[in-house]
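A.B. asks: There's a structure below that I have some questions on.
The values are calculated or read from the model by the stated rules, or taken from the named source; none is laboratory data. Since this is a predicted model, take the numbers as computed values, not measurements. Don't worry about glycine lacking a Cβ; one is built from the backbone with ideal geometry, like all the others, and counts go over all protein chains shown. In case anyone asks, the SASA skips ligands and DNA or RNA and just uses the protein heavy atoms, side chains included. Shrake-Rupley method; radii C 1.70, N 1.55, O 1.52, S 1.80 Å.
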Amino acid sequence: QVQLVESGGGLVQPGGSLRLSCVASRSIFSFNGMAWYRQAPGKQRELVAIITISGTQTYADSVKGRFTISRDNAKNTVYLQMNSLKPEDTAVYYCNDRVGTYDWGQGTQVTVSS
């Protein structure tokens, strides 16, 4: 069973930056595209960014140009660099593969507020 552990969240002012990390308990990145999702209070979980096996990146329109997804296969880790953060980015952030195959981790809370 694969475990996903997200970290790197916190409280940041609007315009600030954070870098999230997600470590998998075993190597899965060779076989799956990976993704970051987020869930804001009272809203459904939404897909934020995807990175395919070949490294192609896709972003939700709301984060395009501000967020960057990357991964390190050797470390079983996927990252989300978030710049120019806005209050509407406030959410719990999760990682999983492109279709949510694995059990969801606890996520990491990102709060953007002045």
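A.B. asks: Filter region 8-25 down to residues that are under 16 Å from the mean Cα position of the chain (by Cα) and of a type in the set (Ser, Thr, Tyr) and give me whichever is nearest to ALA74 (Cα to Cα).
C.D. replies: Filtering region 8-25 for residues that are under 16 Å from the mean Cα position of the chain (by Cα) and of a type in the set (Ser, Thr, Tyr), the one nearest to ALA74 (Cα to Cα) comes out as SER21.
A.B. asks: Could you grab the pairs with beta carbons closer than 6 Å, sequence gap of 6+ or different chains, first residue in region 36-64 and among the β-branched types (Val, Ile, Thr), second one loosely packed, with under 13 Cβ neighbours inside 10 Å?
C.D. replies: Listed by first residue and then by second, the contacts come to nothing, as the list is empty.
A.B. asks: All but one of (1) farther than 21 Å from GLY10 by Cα; (2) more than 12 Å from the chain's Cα centre (by Cα) hold for ARG98; state the number of the condition that does not hold.
C.D. replies: Exception for ARG98: condition (2).
A.B. asks: Of (1) open to solvent by 20 Å² or more (accessible area, probe 1.4 Å); (2) modelled with pLDDT of 90 or more; (3) farther than 11 Å from TYR93 by Cα, ALA24 satisfies all except one. Which?
C.D. replies: All conditions are met except number (1).
A.B. asks: Next question, about the same structure. Would you be able to say whether some residue in region 54-68 is under 13 Å from ALA35 (Cα atoms), open to solvent by less than 10 Å² (accessible area, probe 1.4 Å) and not aromatic (Phe, Trp, Tyr)?
C.D. replies: The answer is no; no qualifying residue exists.
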